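One structure is given here, and the rest of the page talks about it.
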Amino acid sequence: MAKIIRVWDGSAWQEVGTALPNALTTDGTQTLTNKTISGASNTLSNIGNASLTNSAITINGTAVSLGGSTTIVTGPSSTAVSSNISIAANNKYFVNTSAARTLTLPASPTLGDEIQLFDANGTAATNNITVNSNSGKINGTVQDLTIDVNGAALSLIYTGSTYGWVVR
């Protein structure tokens, strides 16, 4: 016996279409094997990643499972500095050298972290910028870095605990 689909329209059951194949179950579901579903308004839900041919996408060389999450770094943010602060990786700092400033490096950097520093006033020779190593290494030695050149611009890149931050 063929089954008929009935749809509740809010006030009464309405028969939709003609008889359907007997494969349709009583709960309105049907198992599809090697079928094509087309149409702009179809919705598929509750499909596990393992059931998908391509269950991940690659972002910056890292596979991320569908339904998973990752942080995408779009580029360094820019910060104006007019006091002594702790600085964060992957940022640009424009340092106001109307007075001497101390910037403290991150305590737990990650390989490849980069920090860019700029003497925004062009007076670092008079009012030095001190980069506090935070007990880490800068160019292979546990030391602070003093920037004392007017208009200086430099990058610090973390290469690991052996050499620490490289100045370029």
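The values are calculated or read from the model by the stated rules, or taken from the named source; none is laboratory data. Just so we're clear, the structure is a prediction, and the values are computed from it rather than from any experiment. Heads up, the Cβs are rebuilt from the backbone with ideal geometry, glycines too, and the neighbour counts pull from every protein chain shown.
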Can you pull out the residues in region 1-51 that are within 30 Å of T71 (Cβ to Cβ) and modelled with pLDDT of 70 or more? T43, L44, S45, N46, I47, G48, S51
Taking the conditions exactly as written (over 30 Å from T71 (Cβ atoms), at pLDDT 95 or above and in contact with a Gly (Cβ under 9 Å, 6 or more places away or on another chain)), does T141 satisfy them or not? yes
All but one of (1) surrounded by fewer than 14 Cβ atoms within 10 Å (Cβ to Cβ); (2) at pLDDT 80 or above; (3) in a loop (DSSP other than H, G, I, E, B); (4) in contact with a strand residue (DSSP E or B) (Cβ under 7 Å, 6 or more places away or on another chain) hold for T79; state the number of the condition that does not hold. (3)
Take T97 and decide whether it is modelled with pLDDT of 95 or more and surrounded by 14 or more Cβ atoms within 10 Å (Cβ to Cβ). yes
Flagged in region 113-166 as surrounded by 15 or more Cβ atoms within 10 Å (Cβ to Cβ), outside any loop (DSSP other than H, G, I, E, B), touching a residue at least 40 places away in the same chain (Cβ under 8 Å) and not β-branched (V, I, T), in numbering order, are E114, Q116, L156, Y158, W165
